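In what follows, a structure is listed as structure tokens, so that the remarks can point back to it.
The values are calculated or read from the model by the stated rules, or taken from the named source; none is laboratory data. Worth saying up front: this structure is predicted, and the values here are computed from it rather than measured. Positions of Cβ are generated from backbone atoms using ideal geometry, with glycine treated the same way; all protein chains shown enter the neighbour counts.
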Amino acid sequence: MEYKDYYKILGVARDATQDEIKRAYRKLARKYHPDVSKEADAEQKFKQLGEANEVLKDTEKRAAYDQLGVDWQAQQDFRPPPGWASGFEFHGGPRGAGGNEDFSDFFKSLFGRAGGAAGSHHRQGFQMQGEDHHARVLIDLEDSYNGASRSISLQMPELTRDGHVKTARRTLKVRIPKGIRQGQQIRLSGQGSPGTGGGKAGDLYLEIEFNPHGIYRVEGSDVYLELPLAPWEAALGAAVKVLTPAGTVDLKIPANSKAGKKLRLKGRGIPAKTPGDLYVVIQISLPPADDEKARAMYERMRDELSFNPRAKMEVA
Amino acid sequence: MTNEQTFDGMLVEDAEFITLTQLCRSCTVETETITLLVAEGILEPLGRSAEQWQFAVGSRRRVKTVIHLQRDLGVNLAGAALALDLLEQIAELKRL
């Protein structure tokens, strides 16, 4: 098993004071907390921090760890010295729910599995349903229109043969129901934590989030789409083909449409129980005046149309 | 471990509510914990007394986030509530 350099993980010197260790841990914990952090490997980092803190914040454990000496390098192959820990007495003090179950083999070889709340769960005749779990899943907006199957990878607690709970990476293939909205949850019955004493397993809840989309914007079950038009299309009216998440639609643009005008396509939003609407928001794209012909046309409009876009601003 | 079975996701309807007992079971917490979160305004159940409380489906995630923040970062309940509100605002802003 690998040696862990807990001082390095917390970024403190070997002679750091307990206050320095606490400060370093708090600061890094805020940075890498899985509920807060956007860093890709936050969960892994946070777990390591927790383990390092568990050892170094506790003066007994820290003393024991220090006794291993300073010659070890991180990741070096490690075996506890003979007669290890015989002179120490560790006062449990678990970090909270999970106990030590998530810690590395290195930690467990030094400090054992003890201290977790697990022990109390194994009382005879005590039956309890497992905890529910949550995860977030990113899907595409189109997946909600069509329904989809997605493979998701999760860290999930599992019951080992000897009755311990350990986390393992699991890949589940999940069918995403059609018409799901951002923020909605789906439930996978019995896919949460195992129950104890023959109790039912908990459920797994997946919260749906859409990947950002370059063209569509989603609000509840309504979908917005910005449609660029040429000035003459907006002024004279036009029939244009629009690509929507539900397929191509022929859209009639009324004459004298202004930029920002919303055209509603009823029921073409997310196909939820009450289907949302699709809003086409008109944008007007100006042709660039970068050749003689275009310039001439703009000049003609300037000279022949009496049009003041700032009429309401009372500026001459 | 890989599990290649395909699971059907059941849509949790917005109108679905959970009771205090269900919420405690789901998050493996004591009722006292939930009572504290309600008192802090972190959860806003319908119903006048604890026996009648009905929690929105999103409550599960709120409870867990608050517990994790308290346990892991040493913030108190008010601090966790503030962090939770800010996290939700950030998520909301990112959506727009």
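Tell me, yes or no, whether the range B:25-36 has at least one residue that is touching a Lys or Arg at 6+ places or on another chain (Cβ under 8 Å) and touching a residue at least 12 places away in the same chain (Cβ under 8 Å).
For the range B:25-36, residues touching a Lys or Arg at 6+ places or on another chain (Cβ under 8 Å) and touching a residue at least 12 places away in the same chain (Cβ under 8 Å): present.
If the requirement is being of a type outside the set (V, I, T) and not in a loop (DSSP other than H, G, I, E, B), which of these qualifies: A:R14, A:R30?
On the way: A:R14 fails: not in a loop (DSSP other than H, G, I, E, B).
So the residue among A:R14, A:R30 that is of a type outside the set (V, I, T) and not in a loop (DSSP other than H, G, I, E, B) is A:R30.
Which is free of Cβ contacts under 8 Å to residues at least 60 places away in the same chain and under 30 Å from B:E13 (Cα atoms), of A:R264, A:R310?
A:R264
Identify the residue in the range B:39-77 that is under 9 Å from the mean Cα position of the chain (by Cα) and within 7 Å of another protein chain (Cβ to nearest Cβ) and, among all such residues, is surrounded by the most Cβ atoms within 10 Å (Cβ to Cβ).
B:R60
Please work out if A:I186 is within 8 Å of chain B (Cβ to nearest Cβ), free of Cβ contacts under 8 Å to residues at least 40 places away in the same chain, surrounded by 15 or more Cβ atoms within 10 Å (Cβ to Cβ) and closer than 27 Å to B:E88 by Cα. Give the steps one after another, and end with the answer.
Values: within 8 Å of chain B (Cβ to nearest Cβ): yes; free of Cβ contacts under 8 Å to residues at least 40 places away in the same chain: yes; surrounded by 15 or more Cβ atoms within 10 Å (Cβ to Cβ): yes; closer than 27 Å to B:E88 by Cα: yes.
Yes, satisfied.
Can you go through A:A64, A:A29 and tell me which one is surrounded by 14 or more Cβ atoms within 10 Å (Cβ to Cβ), over 28 Å from A:M156 (Cα atoms) and in contact (Cβ under 8 Å) with a residue 12 or more places away in the chain?
Working: A:A29 fails: over 28 Å from A:M156 (Cα atoms).
Answer to the selection: A:A64.
Spot the failing condition for B:R71; the list is (1) farther than 26 Å from A:D222 by Cβ; (2) out of contact with any His (no Cβ under 8 Å at 6 or more places or on another chain); (3) modelled with pLDDT of 90 or more, and only one is missed.
Condition not satisfied by B:R71: (3).
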